[in-house]
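Quick note: the coordinates plus some simple rules give every number you see, no bench work behind them. Predicted model only: the values in this text are computed from it and were never measured. Quick reminder, even Gly has a Cβ in these numbers, built from the backbone with ideal geometry, and neighbours come from all protein chains shown.
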């Protein structure tokens, strides 16, 4: 739990085991995130049938899944490289969510965690909420 700098609000993000309880195994998730990135960059045609996905929501899904993947990898290997990658991708998600607050799924806005330097607790909150909502944007 982390207090916000300007209020007495406390961020109670789910612990990693709870946030990622329904996540694919790391290898499968890595392949899926790479495939989403290839679709995003136009290197691969979208393979999921159905209507086109909103580009803003799809970008957010990719950022969230990539940040969650990096967080999970850093939990397995807490060295400076994985932890730094997790912090960087979490920061990218926070910046995106600040620009698109309507996509925030969890109870706390990204600014509520400014005391968490890596913002990884925000990723956990958002991944758990995204999973609970049926994984929209995929």
Quick calc: nm separation of the 7 Å Cα→Cβ label points for residue 35 and residue 54 -> 2.4
Any idea how far apart residue 43 and residue 100 come out in nm if each label point goes 7 Å out from Cα toward Cβ? 2.0
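Given R₀ = 22 Å, FRET efficiency for residue 76-residue 133 by Cβ-Cβ distance, to 0.05? Provide the component values of the computation, followed by the final result.
Values: r = 26 Å, r/R0 = 1.19.
It comes out at approximately 0.25.
I need the per residue convex hull volume for segment 14-132, using only the alpha carbons, in cubic angstrom as a whole number.
That works out to 113 Å³ per residue.
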